[in-house]
Amino acid sequence: MGPPLPAELLKPPFTPQAAGRIAFFFGPLAGALVSAISLRRMRHPDKARKVTTLALLAAALLAFALFFIPEGLSRIVGLAAEAAFYVAFQKIQESEFAAWQLANASMQPSSGWKATGWGLIGLILFLLIFMAIVFGLSMLGIEPR
């Protein structure tokens with residue numbers, strides 16, 4: 001990802017709460033996409049890149065964990081992970097969003113409903129990562145529990 005595009009700078013960012021909700025309902029990559037978009041709109045492209053990279057790593061680790069955990073326990077682990085993503089993606093952009101609000105008091109942040117499309121894209125990406133990990137492990141002869 002490069003610097004913010006001029007079209008991105010004209011749009012206000014999503015609230016940290018919107019990123020947290022999207023992460024809770026659609027997964028870590030969805031929350032990362034919404035957070036990265038917001039951070040880029042607030043002119044923090046380096047932090048947006050770090051958030052995306054860490055979310056990819058978190059998604060892969062969650063997929064590995066869900067593969068090896070028994071089915072009954074995987075629901076609890078999945079719900080706990082979603083709750084952790086809810087909190088994490090709110091905290092990630094809180095300070096930048098507060099600074100943006102002070103500098104742009106007359107602007108309203110983007111609606112969280114507009115982030116739903118990015119949430120769906122993030123969910124699809126997470127499912128692709130999960131399927132790739134399951135396929136790769138099954139090719140190695142490792143079976144889920």
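Return yes or no: is residue 92 of a type outside the set (S, T, N, Q) and at pLDDT 95 or above? When the stated conditions are applied, residue 92 does not pass them.
In region 89-145, the qualifying residues are those that are within 22 Å of residue 26 (Cα to Cα) and among the basic types (Lys, Arg), and the one that is surrounded by the fewest Cβ atoms within 10 Å (Cβ to Cβ) is 91. Do we find that residue 49 is among the basic types (Lys, Arg) and either touching a Cys at 6+ places or on another chain (Cβ under 7 Å) or under 18 Å from residue 123 (Cα atoms) (or both) in this structure? No.
Looking at region 7-30, can you tell me whether even one residue there is more than 18 Å from residue 130 (Cα to Cα) and of a type in the set (S, T, N, Q)? Checked region 7-30: at least one residue is more than 18 Å from residue 130 (Cα to Cα) and of a type in the set (S, T, N, Q).
Without any contact (Cβ under 8 Å) to a residue 40 or more places away in the chain and within 27 Å of residue 139 (Cα to Cα): is that true of residue 78 in this structure? Answer is yes for this residue. Among helices (runs of 4 or more DSSP H) entirely within region 2-116, having at least 3 residues that are of a type in the set (A, V, I, L, M, F, W, C) singles out 16-26, 28-41, 45-68, 71-92, 94-103.
The values are calculated or read from the model by the stated rules, or taken from the named source; none is laboratory data. Keep in mind the model is a prediction, meaning the values are calculated, not measured. Ideal geometry is used to build each Cβ from the backbone, glycine not excepted, and the neighbour counts take in all protein chains shown.
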